[in-house]
Amino acid sequence: MIAPFASDPTLARGRAFSEEESAFRSCFQRDRDRIIHSSAFRRLKHKTQVFVEHEGDYYRTRLTHSIEVAQVARTIAGALGLNQELTEAVALAHDLGHTPFGHTGEDALHELMAPYGGFDHNAQAIKIVTSLERHYADFDGLNLTWETLEGIAKHNGPVTGEIPYALADYNQTFDLELHTHASAEAQVAALADDVAYNNHDLQDGLRAGLFTEAEICHLPIIGDCFAEVDRLYPKLDRNRRKHEALRRVFGVMVGDVIDTSRALLAEADAKSVQEIREYGAPVIAFSEDVWAQIVEIKSFLFKRMYRAPSVVEKRIQVTKVVETLFPLFLEDKNLLPARWHFDIERLNDEVSIARMVSDYIAGMTDRFALTEYERLTGTKLPL
């Protein structure tokens, strides 16, 4: 049963370019399908979360992460009576703007782009789905609905203060009401992101040997889940024990979001999705108690995984890749692929050229960035 505050595809605000509606898919289903079939989505297969692409087949990539986020988001949306297709579309698209090498690559590119407006992965995702994807005969981008674009731009909350240039430029032509909150569906996608990466980073960190099960058992939520598994299955082998415990951690977080959000939605008493946008506060959230426990888990992961000596060493090396490629392409546009020449040759100011170079580098996968670095410098990084 769809709630009155859910996003109704029959009442969607439309697309920047008018199209005939599908006879068998809602507009949000169509958005989801276009995202899945996009080049940027496929490239997420070889863009990493924490580890560099070559380090192992079992570690999460941006693609597997996005699929996990979408699964969690659909579950929460269904429980709350929201539109699952819109929720899934936003979840699948939320990482499209990420650079190679995870947040390390983004940090490096943002610093290099500081004189030209900086770099923001959410704004880059909007640029990808509205401009950089070029497959359709009638328009650039994917021509997604207003609701999906709003969700990509605002799933983490209203965009205030200095708006990233890529988002500000598009917003002038298709106003996404950046000052308001997004739909409840988009808010669900944001919380599903938190649930997914906290859980899979625990799994990946254990697999990489960055910490032990005994160490994470001292953390809130996790310790209780391991204790429950030990009580129910006292002789369970190590791998199954770990899986059973961590899936319970997943369940605690998802259940808390659903219970807390039900109460928030009841309090808001919204009769439409627009009332959700204008409510002035999030309606999808963790409880204060569980959020405080998640913050403790995040702090542990930051120290023991994201800033582990082995990970920091790789961060330094891959930062060098981005810092080397950017000035090379900026100084010699002929190093760009032939299909980029037509666009870049029409530009005559340094800012626009730098932004196009940034688009090119941001779209690279880990392996392609490493290959380009080796080709253009004649050296191979000892990763």
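The values are calculated or read from the model by the stated rules, or taken from the named source; none is laboratory data. Quick caveat, the model's predicted, so the values are computed rather than measured. Please note: Cβ atoms are built from the backbone with ideal geometry, for glycine as well, and neighbour counts cover all protein chains shown.
Quick one: which helices (runs of 4 or more DSSP H) sit completely within the stretch 1-87 and have at least 2 residues that are at pLDDT 95 or above and surrounded by fewer than 16 Cβ atoms within 10 Å (Cβ to Cβ)? Walk me through it before giving the result.
Details: elements: 27-36, 39-43, 62-80.
Per the criteria, 39-43, 62-80.
Restricting attention to the stretch 297-322, which residues are of a type outside the set (Val, Ile, Thr) and surrounded by 14 or more Cβ atoms within 10 Å (Cβ to Cβ)?
Step one: list which residues in the stretch 297-322 are of a type outside the set (Val, Ile, Thr), which gives 298-310, 313-315, 317, 320.
Within the stretch 297-322, Lys298, Phe300, Leu301, Arg304, Met305, Tyr306, Ala308, Lys314, Arg315, Gln317, Lys320 qualify.
So for the stretch 166-182 (the condition being assigned to a helix (DSSP H, G or I), among the aliphatic types (A, V, I, L, M), under 30 Å from Val351 (Cβ atoms) and under 17 Å from the mean Cα position of the chain (by Cα)), does at least one residue qualify? Reasoning before the result, please.
Taking the stretch 166-182 first, the residues assigned to a helix (DSSP H, G or I) are 166-171.
Okay, now just the ones that are also among the aliphatic types (A, V, I, L, M), so 166-168.
In the following step, the residues that additionally are under 30 Å from Val351 (Cβ atoms) were identified as 166-168.
With the extra rule that they be under 17 Å from the mean Cα position of the chain (by Cα), the set shrinks to 166-167.
Yes, the conditions are met somewhere in the stretch 166-182.
Quick one: Val90 ticks every box in (1) surrounded by fewer than 24 Cβ atoms within 10 Å (Cβ to Cβ); (2) under 13 Å from the mean Cα position of the chain (by Cα); (3) closer than 16 Å to Val273 by Cβ bar one, so which box is it?
Answer for Val90: the failing condition is (1).
Please give the helices (runs of 4 or more DSSP H) falling wholly within the stretch 195-301 in which 1 or more residues are touching a residue at least 24 places away in the same chain (Cβ under 8 Å) and farther than 23 Å from Asn156 by Cα. Give the steps one after another, and end with the answer.
Numbers: elements: 213-216, 222-232, 238-268, 273-277, 288-301.
Result: 213-216, 222-232, 238-268.
State which residue is farthest from Ser39 (Cα to Cα) when the search covers only the stretch 336-364 and only residues that are charged (D, E, K, R), free of Cβ contacts under 8 Å to residues at least 24 places away in the same chain and in contact with a helix residue (DSSP H, G or I) (Cβ under 8 Å, 6 or more places away or on another chain).
From the stretch 336-364, those charged (D, E, K, R) are 339, 343, 345-346, 349-350, 355, 359; that's our starting set.
Retained after the next criterion (residues that are free of Cβ contacts under 8 Å to residues at least 24 places away in the same chain): 339, 343, 345-346, 349.
This time we only want the ones that are in contact with a helix residue (DSSP H, G or I) (Cβ under 8 Å, 6 or more places away or on another chain), so: 343, 345.
Values: Asp343: 19, Glu345: 24 Å.
Once the filter is applied, the top-ranked residue is Glu345.
Any idea which of (1) of a type in the set (S, T, N, Q); (2) touching a residue at least 40 places away in the same chain (Cβ under 8 Å); (3) over 27 Å from Thr10 (Cα atoms) is the one Thr61 doesn't satisfy?
Of the numbered conditions (1) of a type in the set (S, T, N, Q); (2) touching a residue at least 40 places away in the same chain (Cβ under 8 Å); (3) over 27 Å from Thr10 (Cα atoms), the odd one out for Thr61 is (2).
Table: residues versus (1) more than 30 Å from Gly81 (Cβ to Cβ); (2) over 22 Å from the mean Cα position of the chain (by Cα); (3) buried (at least 21 other Cβ atoms within 10 Å of the Cβ).
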position: Ala196; (1), (2), (3): no, no, yes
position: Thr212; (1), (2), (3): yes, yes, no
position: Gly223; (1), (2), (3): yes, yes, no
position: Ala245; (1), (2), (3): yes, yes, yes
position: Asp269; (1), (2), (3): no, yes, no
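Can you say whether Lys333 is over 30 Å from Asp8 (Cβ atoms) and either polar (S, T, N, Q) or surrounded by 17 or more Cβ atoms within 10 Å (Cβ to Cβ) (or both), as far as the supplied structure shows? Spell out the reasoning first.
Numbers: over 30 Å from Asp8 (Cβ atoms): yes; either polar (S, T, N, Q) or surrounded by 17 or more Cβ atoms within 10 Å (Cβ to Cβ) (or both): no.
No: the conditions fail for Lys333.
Of the conditions (1) under 28 Å from Asp201 (Cα atoms); (2) modelled with pLDDT of 95 or more; (3) crowded, with 16+ Cβ neighbours inside 10 Å, Leu325 satisfies every one except a single condition; which number is it?
(1)
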